[in-house]
Amino acid sequence: MITAPEHRSTHESESDERNQSLKVYLNGQIVPREQALVSVYDAGFMLGDGIWEGIRLYNSKWAFVEDHMDRLYESARLVDMDIPLTREQMIAALDQTATANQMTQDVHARLMITRGLKSKPFQDPRLSQRGLTIAIIMEHSKVPEDIYHKGITLHTVPIYRGLPVTQDPKLNSHSKLNCILACIHAQKAGADEALMLDPHGFVNTTNSCNFFIVRKGQVWTSTGDYCMNGVTRQKVIDLCRAYQIPIHVRNFSLMETYGAEEAFLTGTFGAQTPVESIDGRTIGNPGQWPLIEKIRQLYKDLVRAETA
């Protein structure tokens with residue numbers, strides 16, 4: 001009997017029954033999950049016209065919250081949205097939602113802002129005249145330790161992260177269809193997630209996370225020109241520099257990736273997730289990731305210091 005391959009994800013979390021009775025922040029109100037509804041005329045639903053941030057809560061404190069606020073408010077300026085809340089009020093909204101859900105540890109928040117209700121179902125942003133929609137979803141969300149031992153599998157897809165003159169891939173927008181299509185392509189090929197190249201054919205990112213490899217004891221990651229410049233990505237780069245781990249932000253090829261000793265993904269939710277194989281090629285020795293483990297420990301220490 002042939003069994004289907006086990007599929008994993010960088011967003012996989014342990015089951016938690018408390019997530020069935022969550023409370024959600026919606027435009028200044030805390031409402032039960034089933035009542036957190038937006039109109040079909042909302043610009044986010046209709047056109048993907050919105051921005052978002054993912055933030056983790058540890059010890060009742062938001063990890064690297066100022067970095068996330070920097071990115072959120074810069075993204076708003078880039079897409080010509082005037083957020084009515086100050087940074088302090090936005091953080092207070094996060095705290096209010098966590099308190100309403102009695103959350104203190106291993107929590108993931110998704111903060112979303114759209115251009116709001118439209119008067120007609122068309123693209124013109126001037127049709128959104130009633131103010132922005134602001135929503136915060138929080139879940140009890142702990143990454144299974146098992147994924148750090150097994151890693152995930154990637155498949156290189158023909159869908160790439162494009163030039164900034166089309167849609168700047170550094171923008172954390174709601175318009176994620178290219179990444180979703182990339183993920184579908186990889187899953188149809190039997191992998192967990194997609195490895196995406198940049199317009200010049202260099203290795204870039206995955207459909208959901210930033211990508212790193214280890215070659216000859218050195219850590220490599222892409223230039224960041226064609227991918228989301230993640231907060232966790234930058235923390236890993238900073239940690240490597242601070243602890244004398246050789247780090248290179250550079251272009252590199254798929255062939256160089258296949259020859260890596262280790263590979264891993266970074267993201268707010270999963271922190272650092274090892275990669276077991278790429279395009280059916282085993283990367284290094286599965287389960288033996290000494291540099292990843294060192295970086296993971298340094299990152300854990302950084303989070304503890306940030307949320308002490």
*Pull up the range 247-273, narrow it to residues that are hydroxyl-bearing (Ser, Thr, Tyr) and outside any strand (DSSP E or B), then point me to the one that is farthest from Glu66 (Cα to Cα).*
Tyr258
*Identify, by number, the condition in (1) under 20 Å from the mean Cα position of the chain (by Cα); (2) over 29 Å from Pro274 (Cβ atoms) that Arg77 doesn't meet.*
(1)
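Go through Gln288, Gln272, Gln297, Gln234 for me and flag whichever is more than 22 Å from the chain's Cα centre (by Cα) and of a type in the set (S, T, N, Q). Reasoning before the result, please.
Values: Gln272 fails: more than 22 Å from the chain's Cα centre (by Cα); Gln297 fails: more than 22 Å from the chain's Cα centre (by Cα); Gln234 fails: more than 22 Å from the chain's Cα centre (by Cα).
Selected residue: Gln288, the only one of Gln288, Gln272, Gln297, Gln234 that is more than 22 Å from the chain's Cα centre (by Cα) and of a type in the set (S, T, N, Q).
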_Index of the failed condition, Thr99 passing every other in (1) in a loop (DSSP other than H, G, I, E, B); (2) loosely packed, with under 15 Cβ neighbours inside 10 Å; (3) of a type outside the set (D, E, K, R)_ = (1)
*In the range 29-39, which residues are more than 17 Å from Arg110 (Cβ to Cβ) and either surrounded by 14 or more Cβ atoms within 10 Å (Cβ to Cβ) or touching a residue at least 12 places away in the same chain (Cβ under 8 Å) (or both)?*
Ser39
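Kindly indicate the residue of the range 274-308 that is part of a strand (DSSP E or B) and touching a residue at least 40 places away in the same chain (Cβ under 8 Å) and also nearest to Ile245 (Cα to Cα) among those meeting that condition. Walk me through it before giving the result.
So the first thing to find is which residues in the range 274-308 are part of a strand (DSSP E or B), and the list is 274-278, 281-282.
The next check asks that each one be touching a residue at least 40 places away in the same chain (Cβ under 8 Å); those that pass are 274-278.
Details: Pro274: 18, Val275: 20, Glu276: 22, Ser277: 24, Ile278: 24 Å.
By that ranking, first place goes to Pro274.
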*Quick check: is even one residue across the range 168-184 in contact with a strand residue (DSSP E or B) (Cβ under 6 Å, 6 or more places away or on another chain), part of a helix (DSSP H, G or I) and within 19 Å of Val203 (Cβ to Cβ)?*
yes
_For the range 182-211: of the residues being polar (S, T, N, Q) and under 15 Å from the mean Cα position of the chain (by Cα), which is modelled with the lowest pLDDT?_
Ser208
*asked:* Quick test of your reading of the structure: Ala271 fulfils all but one of (1) closer than 17 Å to Val143 by Cα; (2) crowded, with 22+ Cβ neighbours inside 10 Å; (3) at pLDDT 95 or above. Name the failing condition by number.
replied: (3)
_Candidates Arg126, Arg115, Arg77, filtered to the one that is surrounded by 13 or more Cβ atoms within 10 Å (Cβ to Cβ) and basic (Lys, Arg)_ = Arg115
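Run down Val236, Val214 and say which single residue is among the hydrophobic types (A, V, I, L, M, F, W, C), closer than 24 Å to Val303 by Cα and either at pLDDT below 95 or not in a strand (DSSP E or B) (or both). Walk me through it before giving the result.
Numbers: Val214 fails: either at pLDDT below 95 or not in a strand (DSSP E or B) (or both).
Criteria check complete, one pass: Val236.
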*For the range 164-177, indicate whether the set of residues that are under 17 Å from Tyr258 (Cβ atoms) and in contact with an Asp or Glu (Cβ under 9 Å, 6 or more places away or on another chain) is non-empty.*
no
*Failed condition for Thr86, given (1) of a type in the set (Ser, Thr, Tyr); (2) modelled with pLDDT of 95 or more; (3) surrounded by fewer than 16 Cβ atoms within 10 Å (Cβ to Cβ); (4) touching a Pro at 6+ places or on another chain (Cβ under 8 Å)*: (4)
*asked:* Among the listed residues Ile113, Ile91, Ile137, identify the single one that is part of a helix (DSSP H, G or I) and of a type outside the set (D, E, K, R).
replied: Ile91
*Quick one: count up the residues across the range 46-103 that are touching a strand residue (DSSP E or B) at 6+ places or on another chain (Cβ under 7 Å) and among the polar types (S, T, N, Q).*
4
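The values are calculated or read from the model by the stated rules, or taken from the named source; none is laboratory data. Keep in mind that what you see is a predicted model, and the values were worked out from it rather than measured. Heads up, the Cβs are rebuilt from the backbone with ideal geometry, glycines too, and the neighbour counts pull from every protein chain shown.
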